[in-house]
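Working notes for the structure below.
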């Protein structure tokens, strides 16, 4: 009888440990799943291409080569997106999303 009680306690500890491990794994999968699906936001407001050709803010994910402006990352904006104040330019999305 004593042996059966000890085996029962050992089995209960095993189940409790297994359940704890399963919960930790599920929590990690959920956290990393959310983190990996969050888009990177480089510019929170409006990005301007000024009449002189400059880009404001300067850290916006856009590179300039003459009159060609190329995206270097996805752009997510809480403002007006991109406001173009310059004439005769080309905006190359390069596969990124605005």
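The values are calculated or read from the model by the stated rules, or taken from the named source; none is laboratory data. Here the structure is a predicted model, which is why all the values come from computation and not from measurement. No Cβ is skipped: glycine too gets one built from the backbone with ideal geometry, and neighbour counts run over all protein chains shown.
Across segment 82-98, which residue is nearest to residue 48 (Cα to Cα) among those that are modelled with pLDDT under 95 and surrounded by 14 or more Cβ atoms within 10 Å (Cβ to Cβ)? Out of the qualifying residues, it is 82. For segment 42-60, a residue qualifies if it is modelled with pLDDT of 95 or more, part of a loop (DSSP other than H, G, I, E, B) and touching a strand residue (DSSP E or B) at 6+ places or on another chain (Cβ under 7 Å), and the qualifying residues are 50, 53.
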